[in-house]
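**Q** One structure, pasted below without further comment.
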Protein chains: 4
Amino acid sequence: MAKTSTLDRRAQPRKAASERWNTALTLIESNRILVRGYPLDEMMGRLGFAEAVYLLLMGELPTRAIGRMLNAVLVSSLDHGVTPPSTLATRNVATTGAPLKDCVASGILAFGPHHGGDIESCMLFLDRGLSLVRSGQTLQQAAEQIVDESAAANEVPPGFGHRIHTRDPRAARLFQMSLELELEGEHVRLIRAAERALTRHEQKFGRPMPVNVDGAIAAICADLGFAYELGNALFLISRLPGLIAHAHEERSRQDPMRQIDPKDHHYDGARERRLPDGSRT
Amino acid sequence: MAKTSTLDRRAQPRKAASERWNTALTLIESNRILVRGYPLDEMMGRLGFAEAVYLLLMGELPTRAIGRMLNAVLVSSLDHGVTPPSTLATRNVATTGAPLKDCVASGILAFGPHHGGDIESCMLFLDRGLSLVRSGQTLQQAAEQIVDESAAANEVPPGFGHRIHTRDPRAARLFQMSLELELEGEHVRLIRAAERALTRHEQKFGRPMPVNVDGAIAAICADLGFAYELGNALFLISRLPGLIAHAHEERSRQDPMRQIDPKDHHYDGARERRLPDGSRT
Amino acid sequence: MAKTSTLDRRAQPRKAASERWNTALTLIESNRILVRGYPLDEMMGRLGFAEAVYLLLMGELPTRAIGRMLNAVLVSSLDHGVTPPSTLATRNVATTGAPLKDCVASGILAFGPHHGGDIESCMLFLDRGLSLVRSGQTLQQAAEQIVDESAAANEVPPGFGHRIHTRDPRAARLFQMSLELELEGEHVRLIRAAERALTRHEQKFGRPMPVNVDGAIAAICADLGFAYELGNALFLISRLPGLIAHAHEERSRQDPMRQIDPKDHHYDGARERRLPDGSRT
Amino acid sequence: MAKTSTLDRRAQPRKAASERWNTALTLIESNRILVRGYPLDEMMGRLGFAEAVYLLLMGELPTRAIGRMLNAVLVSSLDHGVTPPSTLATRNVATTGAPLKDCVASGILAFGPHHGGDIESCMLFLDRGLSLVRSGQTLQQAAEQIVDESAAANEVPPGFGHRIHTRDPRAARLFQMSLELELEGEHVRLIRAAERALTRHEQKFGRPMPVNVDGAIAAICADLGFAYELGNALFLISRLPGLIAHAHEERSRQDPMRQIDPKDHHYDGARERRLPDGSRT
């Protein structure tokens, strides 16, 4: 958010009509497109999509390790079946015969504070912990304090717990890659300490509250230096194909104007199979 | 679109309440997520995002060549500066202080028939040409016929012409890659023949009408077997990071509630630079 | 839709940067707001909302009869319970904690070809019938022809049939008011003739196919001279309060992030009651 | 917002599949629609749209005075010309040829914290002042304290100031009607006291900061007992016809895919005119 107070915003005379405003993203001229300075047609074939997204959002090319990490982050939230409210909003729009873009726009609007938006909240939560470290606490002390504060407020901290998973396989894999790629930083270390600290409150919560995929993305993005709202943005990019797939399946396999009961769905897709050896990003 | 006529839709008794409906995309169980049969956590680190998108939408893993092609398609429309109406819609929502997801949902709604939607129209246009080939015409004859039909209707065919570019560098690069990766098929050959046929109408149109990036994506996606509406969907995935970048820049660099005049913008980003040697997807 | 062909759109040089574009809706000056020439603050208290909407959309004040008719049209589609896909899209966004505006924007996107969009389709359907009348057929002949054409295509004509109602009480009331207010025109007469003609196809459709509320609004709006897309627009205005009420109820009465099964809902509101005597618009 | 803490939300077992959920808005049965207990077809012709909206949102019929007040509130924000960001978002989507509903959904997303959302913020601001009155301060003291707090934070209080109007004619008319209809309550009295208190800070703000239309709606809605988020909702209902009118005008009068510069617009509509005598809601 811009820092201008409403005083400035409302009280100042409006800018002169001819005043220019700046953009640093993309230069467009006839037959020439530069994204952050790089010719877009040269990027094609030489940068993967995830690497190009990083360049556009952060302004510089990622290292090879960061590129691999970002690919994994984007793959991690690709889809989560038919029951998330974003998917149901998308399918309810699809059943009316609306264009695909309308279906996915509706699903994107469902990425609210309780769904996807946890990434930004968790980044703030972790930065509060790290400010305690800056003022002298150990990482473990800071983790315990921020977790205890949440528990005292009867709140599960953002980025923890899942209604279906007791151990989120996506979070585990992201942390493993972060370590292997030597990208693990203080946010990842803090969230893992917080996960351990949370076990002391397991009785209160009635079941395990492991780091979920939102929490893992939050910690990794924070270590990579992403701005808060761009953490959520990565989730949007990751999940958009899932919304598209559900809109397309709804229109391809179902009658229009049906009443969609999420409880009644049945999976009839491919059985479990393994990736061929050797593939890697 | 489902094939059910409205007769079926309105006249039939409603299905029994307990009837199940099917989905073949993603299986969700506790601590287990299978996308098209593959464990999602195994996909992370082994499939790039573009490859994972292909798997989700098409049901099978892409070949290495298709994966490279899809990366290039997704990079090709990453951003196009501040003047597209989708970008302006996004920035106008951003200036009100709305959440990032609202800004990008607004931009997605601007991918209408005249903006992004050309991909689906162009796929239909090419398939009409190929149906002429099936009935005995040569590719060249078919290209001339469909182009002449558009010209007779005073219409530029979908996928041709650009307000800024007289030779779209993104289209040229996509065609080059399609050839090098040995993915070029009859849709690409037909659109290139149509481009040549269009030069005969140059006087009518007053300037060159080259294949644009939408047309190139349309031909390549059609050769790869994508359904019509998934052609447009690839454009949505490609441009979403651009919408995010503009929303974020609007909030970071500008005062809220400003009046956004696209004519007045000025590029102050990185000067032209080259990608380091050796990078390739 | 503007009539410009894509030839004009893409081939012409862009307009001079300083060229002005026109708007005839509202004049804004310091401390002065004129809507279609009338001071907005004078309209307040002297025009009802429906009358002001008519003025804004049509450019002139409505007669008293048209004002009453428009109020009835706007009341007719105020809400239709929890099962329409627009309402379910809205509630699925609401359960994520998103702002109210996001919930209703999502619902508005569900007003697709099969839901709300029937008004525009029905206006076109009726105008096709009236063009037959212009070329010499009687109203009855024209009604039979357009109905037979739909039936031959296995299509219920737009504006007919309802999954829940066998006689739509809203349509009946709108027609009654149109007659009483002496606003009934050829579109209403044609749709009623078409309703009678449809009874001959009842066996095919398996049940009665009465005019529904969309059909009644379509005929009445067409008689009042509304443009096609403004017919649908009246439905948007009418239903927006319904979307708002459902979003607000979802947030007030339900836990966030619930899985919304439309089949499981139960009505626990006010029992049937009568309006006090004497009220009338 | 529901009061459930995230602890409850995530830790509790999911509800039994067959559990029913309640709605109190509208009962739908075959050929029978009850809105808050009243037959919808009886409401048509007997309740104006504004009265029906009140019934749906608040659960009971409005008095005649409240009905007149609500009509004026809904008329007050009908349109504000081409320069608000919501209108520009709508027009930028319209220029792409998107359906009308997409254009207005985009505009609705622009009703962010700085645009329309001030109503909810202002209701909260006023309720903070009234809590000071409950604890013993006079209305004047409370008004001065909350205004001073805002000024000390370099913030214009929500509901005050306008970039174009130095005296908002809509606010003045709403307050006049509130007094005449004997609906003025403590929120209106407090906001008027706050307006007077703000004059002491005029030097700081550099110009007058009168109550604007958002502030007037906020105070009146609060006096009528509307929930916070329904205050904003009234603005959505009021402005939707404006968004529709701009989308329709954009498509009727302009070429598609144009670059919309708000500075370049010119009003060519009706000259100032007076309402005929005698009209009143």
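**Q** Per DSSP H run of at least 4 residues, take -39500 (n - 2.57); add these up for chain D, divide by its residues and hand me the 222 nm value, nearest 500 deg cm²/dmol.
**A** My calculation for chain D gives -16500 deg cm²/dmol from helical runs alone.
**Q** Could you tell me which of rounded, prolate or oblate describes the range B:233-281, using a ≥ b ≥ c as the square roots of the eigenvalues of the alpha-carbon gyration tensor, with rounded for a/c under 1.5 and, failing that, prolate when a/b is larger than b/c and oblate otherwise?
**A** oblate
**Q** Taking 0.36 nm per residue of separation and subtracting the Cα-Cα distance, what length does fully extending residue B:154 through residue B:31 add?
**A** Using 0.36 nm per residue and subtracting the Cα-Cα distance, I get 38.5 nm.
**Q** Let me ask something additional. Running Debye on the range A:31-102 with equal point scatterers at the Cα sites and no solvent, what base-10 log of I(q)/I(0) appears at q = 0.15, 0.24 Å⁻¹?
**A** -0.71, -0.96
**Q** Let me know the charge dipole size of the range C:19-85 about its Cα centre in debye, to the nearest 20, where only the beta-carbon of Lys, Arg (+1) and Asp, Glu (-1) is charged.
**A** 140
**Q** Continuing with this model, one more query. Roughly how big is the protein assembly as shown's charge dipole about its Cα centre, with Cβ charges of +1 (Lys, Arg) and -1 (Asp, Glu), in debye to the nearest 20? Could you put the intermediate results ahead of the total?
**A** Details: 136 positive and 136 negative charges, 0 e Å.
So the magnitude is around 0 debye.
**Q** Subtract the Cα-Cα distance of residue A:128 and residue A:272 from 0.36 nm times their separation in residues, and report this length gain in nm to one decimal. Kindly include the intermediate steps, with their values, before the conclusion.
**A** On the way: separation 144, 0.36 × 144 = 51.84 nm, distance 4.13 nm.
Residue separation times 0.36 nm, minus the Cα-Cα distance, leaves 47.7 nm.
**Q** Give the Rg (one decimal place) followed by the Dmax (whole number) of chain A, computed from C-alpha coordinates and expressed in Å.
**A** According to the Cα coordinates of chain A, Rg and Dmax are 21.7, 65 Å.
**Q** Give me the distance between the Cα centres of the range C:68-89 and the range C:173-216, rounded to whole Å.
**A** Answer, in whole Å: 19.
**Q** Let me ask you something else. Can you list, shortest first in nanometers, how far residue B:200 lies from the same residue in the other copies, with each label 7 Å from Cα toward Cβ?
**A** Shortest to longest, the spacings are 4.9, 8.2, 8.3 nm.
**Q** Starting from the Cα gyration tensor of the range C:92-204, take the square roots of the eigenvalues, sort them a ≥ b ≥ c, and report rounded, prolate or oblate (rounded when a/c is under 1.5, otherwise prolate if a/b is larger than b/c, else oblate). Can you show the working numbers first?
**A** Details: a/c = 2.27, a/b = 1.89, b/c = 1.20.
Since a/c reaches 1.5 and a/b is larger than b/c, the shape of the range C:92-204 is classed as prolate.
**Q** Among B:227, B:188, B:211, whose Cα sits farthest toward the positive end of the charge dipole of the range B:169-281 (+1 at Cβ of Lys/Arg, -1 at Cβ of Asp/Glu, about the Cα centre)?
**A** Sorting the options by dipole projection puts first B:211.
**Q** With r defined as the distance between the Cβ atoms of residue D:263 and residue D:176 and R0 fixed at 41 Å, what FRET efficiency is calculated, to the nearest 0.05?
**A** For residue D:263 and residue D:176, the calculated efficiency is 0.75.
**Q** Once the dipole of the range C:238-281 is set up with Lys and Arg at +1 and Asp and Glu at -1 on Cβ about the Cα centre, which of C:240, C:252, C:267 lies farthest towards its positive end?
**A** Checking the options against the dipole of the range C:238-281, the answer is C:240.
**Q** To continue, here is another question. Percent of Cα-Cα pairs more than 26 Å apart in the range D:133-281, please.
**A** 42
**Q** Could you tell me what percent of the DSSP beta bridges with both partners in the protein assembly as shown are antiparallel, to the nearest 5?
**A** Among the beta bridges of the protein assembly as shown, antiparallel pairing accounts for roughly 65 percent.
**Q** What residue of chain A sits with its beta carbon nearest the rotation axis taking A to D, and at what distance in whole Å?
**A** Nearest to the symmetry axis by Cβ: A:102, 3.
**Q** Same structure again: Using a basic spin-label model with each label point 7 Å from the Cα along Cα→Cβ, how many nm lie between residue C:200 and residue C:22?
**A** 4.8
**Q** Given the protein assembly as shown reduced to its alpha-carbon atoms as identical point scatterers, what log10 I(q)/I(0) does the Debye formula return at q = 0.04, 0.08 Å⁻¹?
**A** Those come out to -0.20, -0.87, one per q.
**Q** Moving to a separate point now. For residue A:101, list the aspartates and glutamates whose Cα falls under 12 Å from its own Cα; do not include residues on the same chain fewer than 8 positions away.
**A** Hits, sequence-local ones excluded: B:229, D:102.
**Q** Also, I was wondering about something else. Quick one: label points 7 angstrom along Cα→Cβ at residue B:134, distances to the other copies in nm, smallest first?
**A** 3.8, 6.5, 7.3
**Q** Calculated FRET efficiency, residue B:167 and residue B:60, Cβ-Cβ r, R0 35 Å, to nearest 0.05?
**A** That gives a FRET efficiency of 0.50.
**Q** What are the distances, in nm and sorted shortest first, from the label point of residue D:32 to the label points of the same position in each other copy, with each label point placed 7 Å from Cα along the Cα-to-Cβ direction?
**A** 4.8, 5.7, 7.4
**Q** Give, rounded to the nearest 20 debye, the magnitude of the charge dipole that chain D has about its Cα centre when Lys and Arg contribute +1 at Cβ and Asp and Glu contribute -1 at Cβ.
**A** Dipole size: approximately 260 debye.
**Q** List the aspartates and glutamates whose Cα lies under 18 Å from the Cα of residue C:204, skipping any in the same chain that are fewer than 8 positions away.
**A** B:8, C:144, C:148, C:149, C:155, C:195
**Q** Which of these, D:229, D:19, D:42, has the largest mean-square fluctuation under a Gaussian network model of chain D (Cα springs below 10 Å)?
**A** It is D:19.
**Q** May I ask which residue of D:44, D:33, D:122 lies farthest towards the positive end of the charge dipole of chain D, with charges of +1 (Lys, Arg) and -1 (Asp, Glu) on Cβ and the Cα centre as origin?
**A** Ranked along the dipole, the leading option is D:33.
Every read-out reported here was derived from the displayed coordinates using simple, explicitly stated rules and does not represent laboratory data. Every value quoted in this text rests on a predicted model; they were computed, and no experiment measured them. Backbone-built Cβ (ideal geometry, glycine too); neighbour counts: all protein chains shown.
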